[in-house]
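Engineer: Dropping the structure in here first, questions after.
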Amino acid sequence: MSVIEVTRGTGRVAIRLTRPPISGVVRPRSLVTCLALAATTFAVLCVGLTTGDFPLPLSEAVPALWGSGDPGTRFIVQDLRLPRALVGILAGAALGLSGAIFQTLTRNPLASPDVIGITAGAGTAVVGGIVFGIGSGLGTQTLGLGGALLTALIVYLLAWKRGTTGFRIVLVGIGVNWLCVSATQYLIVKAKVFQAQQAVGWLVGNLNGRGWESARPLALALAVLLPLALLLSPWLRALQFGDQVAGGLGVPVQRARLALLCAAVGLVAFATAAAGPVAFVALAAPQIALRLAGTACPPLTASALTGALTVLGCDLLAQQLFSDLELPVGVITGVLGAPFLLWLLARANRIGSGG
């Protein structure tokens with residue numbers, strides 16, 4: 001963003017325009033926030049490895065994480081509990097990072113993949129596959145991934161008018177979101193009872209039964225998309241000031257927005273395909289990270305770590321809340337996220353922001 005520097009001398013005023021660098025500097029508070037979030041996430045992971053139908057002491061669960069201990073303990077930790085926890089961590093990180101990109105691009109704290117239809121599109125594809133009998137052949141992960149990517153393409157094309165803006169993407173996305181929600185509800189009404197139960201179980205967002213077959217594709221996707229998002233972060237920081245300022249700083253506005261949207265959509269698509277549409281994480285994690293780090297816009301790394309901690313912590317709470325019932329993680333994030341959304345709406349209305 002251009003800055004006007006005014007220097008007053010004897011009888012004259014000198015005005016000089018300066019252009020600040022786009023590259024960011026790591027702030028001590030942001031670094032401390034990221035380290036604290038990472039340490040807390042690892043602590044919650046260790047606690048989660050000790051809980052379940054077969055409780056384990058921490059002194060046995062943590063060594064089994066690195067391959068030590070007796071075979072039975074290693075099987076429980078590495079084959080049953082660790083994959084589920086990793087899916088939660090990776091899916092939460094992807095959702096948090098994706099939400100940070102969307103909110104910064106649109107300059108709207110209420111913008112997230114939940115709002116602009118991407119997760120709803122994935123849900124429609126999965127429910128359609130279940131109802132029409134193609135889910136068993138392609139798998140819910142492939143259907144969810146394809147539905148999210150297709151919905152994002154539709155939103156982008158409908159929002160295109162000699163380029164795109166964050167405002168148009170949000171408006172078009174809201175309309176597409178409700179169209180997908182209506183289609184999903186129609187499919188559930190038409191489905192058989194066992195099909196509807198299967199569909200609802202996926203739509204709520206669930207980590208139950210997740211294994212290495214879910215964790216590996218998600219880990220590979222993040223290994224590509226996370227560095228890509230961080231490499232594109234200088235463009236993202238420039239775009240938060242608006243298209244004209246970003247263009248003046250030498251940023252190719254439309255190409256940068258398209259690249260960032262592709263990275264964000266890819267993150268939420270793979271996360272939704274692996275864990276289902278876990279509600280409110282992409283909305284809340286960037287705003288929590290913003291307040292923890294004390295930055296002007298949602299920080300990418302802190303948002304990813306906040307998302308990972310949120311999903312992992314909510315899944316642990318879902319497992320322990322009732323002794324005879326294991327809730328899906330999406331139920332907990334929905335219960336906690338709904339009041340947070342209301343608070344954001346009230347705050348946006350009070351200060352006149354948020355679109």
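Engineer: Among the residues of the stretch 207-227, which ones are within 14 Å of the chain's Cα centre (by Cα) and either crowded, with 21+ Cβ neighbours inside 10 Å or modelled with pLDDT under 90 (or both)? Explain how you work it out, then say what you get.
Structural biologist: At the first step, the residues of the stretch 207-227 found to be within 14 Å of the chain's Cα centre (by Cα) are 218, 221-222, 225-226.
The answer is Leu218, Leu222, Leu225.
Engineer: Now, a different point. Among the residues of the stretch 157-169, write down those that are of a type in the set (D, E, K, R), surrounded by fewer than 16 Cβ atoms within 10 Å (Cβ to Cβ) and part of a helix (DSSP H, G or I). Explain how you work it out, then say what you get.
Structural biologist: So in the stretch 157-169, the residues of a type in the set (D, E, K, R) come out as 161-162, 168.
Filter once more, keeping what is surrounded by fewer than 16 Cβ atoms within 10 Å (Cβ to Cβ): 161-162.
Selection gives nothing.
Engineer: Can you go through Pro298, Pro286 and tell me which one is under 15 Å from the mean Cα position of the chain (by Cα), modelled with pLDDT under 90 and surrounded by 24 or more Cβ atoms within 10 Å (Cβ to Cβ)? Walk me through it before giving the result.
Structural biologist: Numbers: Pro286 fails: modelled with pLDDT under 90.
After ruling out the rest, the residue left standing is Pro298.
Engineer: Right, another one. If you check Val172, Val200, Val189, which single one turns out to be crowded, with 19+ Cβ neighbours inside 10 Å, out of contact with any Phe, Trp or Tyr (no Cβ under 8 Å at 6 or more places or on another chain) and assigned to a helix (DSSP H, G or I)? Even if it seems obvious, please write down each step before you answer.
Structural biologist: Values: Val200 fails: crowded, with 19+ Cβ neighbours inside 10 Å; Val189 fails: crowded, with 19+ Cβ neighbours inside 10 Å.
Selected residue: Val172, the only one of Val172, Val200, Val189 that is crowded, with 19+ Cβ neighbours inside 10 Å, out of contact with any Phe, Trp or Tyr (no Cβ under 8 Å at 6 or more places or on another chain) and assigned to a helix (DSSP H, G or I).
Engineer: When the residues of the stretch 47-79 are narrowed to those that are in a helix (DSSP H, G or I) and among the small types (Gly, Ala, Ser), which ends up farthest from Arg210 (Cα to Cα)?
Structural biologist: Within the stretch 47-79, the subset in a helix (DSSP H, G or I) is 47-50, 58-65, 71-79.
In the following step, the residues that additionally are among the small types (Gly, Ala, Ser) were identified as 48, 59, 61, 64, 72.
Values: Gly48: 15, Ser59: 25, Ala61: 19, Ala64: 19, Gly72: 19 Å.
Checked the stretch 47-79; the qualifying residue farthest from Arg210 (Cα to Cα) is Ser59.
Engineer: Within the stretch 97-129, track down each residue that is touching a Lys or Arg at 6+ places or on another chain (Cβ under 9 Å) and part of a helix (DSSP H, G or I). Let's see the steps before the verdict.
Structural biologist: Let us first name the residues in the stretch 97-129 that are touching a Lys or Arg at 6+ places or on another chain (Cβ under 9 Å), namely 104-105, 109.
Passing the criteria: Thr104, Leu105.
Engineer: Consider only pairs whose beta carbons are under 9 Å apart and that are at least six residues apart or on different chains; among these, list those whose first residue lies in the stretch 44-59 and is touching a residue at least 40 places away in the same chain (Cβ under 8 Å) and whose second residue is among the basic types (Lys, Arg) and surrounded by 11 or more Cβ atoms within 10 Å (Cβ to Cβ).
Structural biologist: Gly48/Arg81; Gly48/Arg84; Thr51/Arg81; Gly52/Arg81
Engineer: Report the residue count in the stretch 230-272 for those that are outside any helix (DSSP H, G or I) and within 18 Å of the chain's Cα centre (by Cα).
Structural biologist: Going through the stretch 230-272, the residues outside any helix (DSSP H, G or I) turn out to be 232, 240-242, 249-252.
Filter once more, keeping what is within 18 Å of the chain's Cα centre (by Cα): 232.
Summing the residues that are outside any helix (DSSP H, G or I) and within 18 Å of the chain's Cα centre (by Cα) in the stretch 230-272 gives 1.
Engineer: Can you tell me which residue in the stretch 45-64 is nearest to the chain's Cα centre (by Cα), limited to those that are buried (at least 18 other Cβ atoms within 10 Å of the Cβ) and within 18 Å of Gly307 (Cα to Cα)?
Structural biologist: Leu45
Engineer: Just one of Ile101, Ile89 is under 16 Å from Gly205 (Cα atoms), within 13 Å of the chain's Cα centre (by Cα) and of a type outside the set (Phe, Trp, Tyr); which is it?
Structural biologist: Numbers: Ile101 fails: under 16 Å from Gly205 (Cα atoms).
The conditions single out Ile89.
Engineer: Still on this structure, I have one more. Inside the stretch 201-245, can you point out the residues that are basic (Lys, Arg) and over 30 Å from Val335 (Cα atoms)? Give the derivation first.
Structural biologist: Step one: filter the stretch 201-245 for residues basic (Lys, Arg), giving 210, 216, 237.
Arg237, the sole residue that qualifies.
Engineer: Could you tell me whether Ala94 is assigned to a helix (DSSP H, G or I), under 17 Å from the mean Cα position of the chain (by Cα), over 15 Å from Ala274 (Cα atoms) and not β-branched (Val, Ile, Thr)?
Structural biologist: Details: assigned to a helix (DSSP H, G or I): yes; under 17 Å from the mean Cα position of the chain (by Cα): yes; over 15 Å from Ala274 (Cα atoms): no; not β-branched (Val, Ile, Thr): yes.
No: the conditions fail for Ala94.
Engineer: List every residue pair whose Cβ atoms lie under 6 Å apart, where the two residues are 6 or more positions apart in sequence or sit on different chains, the first residue falls within the stretch 248-271 and is under 11 Å from Ile101 (Cβ atoms) and in contact (Cβ under 8 Å) with a residue 12 or more places away in the chain, and the second residue, located anywhere, is crowded, with 22+ Cβ neighbours inside 10 Å and of a type outside the set (A, V, I, L, M).
Structural biologist: Cβ pairs passing all conditions: Ala264/Ser98; Ala264/Phe102; Leu267/Ser98; Val268/Ser98; Val268/Pro113.
Engineer: A further question follows. Tally up the residues in the stretch 106-122 that are under 21 Å from Gly242 (Cα atoms), surrounded by 23 or more Cβ atoms within 10 Å (Cβ to Cβ) and over 14 Å from the mean Cα position of the chain (by Cα), please.
Structural biologist: 1
Engineer: Could you give me the residue pairs with C-beta distances under 8 Å whose first residue belongs to the stretch 189-218 and is under 12 Å from Leu86 (Cα atoms), whose second residue is of a type in the set (Lys, Arg) wherever it lies, and which are 6+ apart or on separate chains?
Structural biologist: Note: pairs meeting the criteria are Leu207/Arg84; Arg210/Arg84; Gly211/Arg84.
Engineer: Does Gly334 count as buried (at least 19 other Cβ atoms within 10 Å of the Cβ), of a type outside the set (Phe, Trp, Tyr) and either out of contact with any Cys (no Cβ under 8 Å at 6 or more places or on another chain) or in a strand (DSSP E or B) (or both)?
Structural biologist: Numbers: buried (at least 19 other Cβ atoms within 10 Å of the Cβ): no; of a type outside the set (Phe, Trp, Tyr): yes; either out of contact with any Cys (no Cβ under 8 Å at 6 or more places or on another chain) or in a strand (DSSP E or B) (or both): yes.
No; evaluated as a whole, the condition is false for this residue.
Engineer: Please work out which residue is nearest to the chain's Cα centre (by Cα), limiting yourself to the stretch 167-206 and to residues that are closer than 24 Å to Leu90 by Cβ and among the polar types (S, T, N, Q).
Structural biologist: Asn206
The values are calculated or read from the model by the stated rules, or taken from the named source; none is laboratory data. Since this is a predicted model, take the numbers as computed values, not measurements. Using ideal geometry, Cβ is built from the backbone for each residue, glycine included, and neighbour counts are taken over all protein chains shown.
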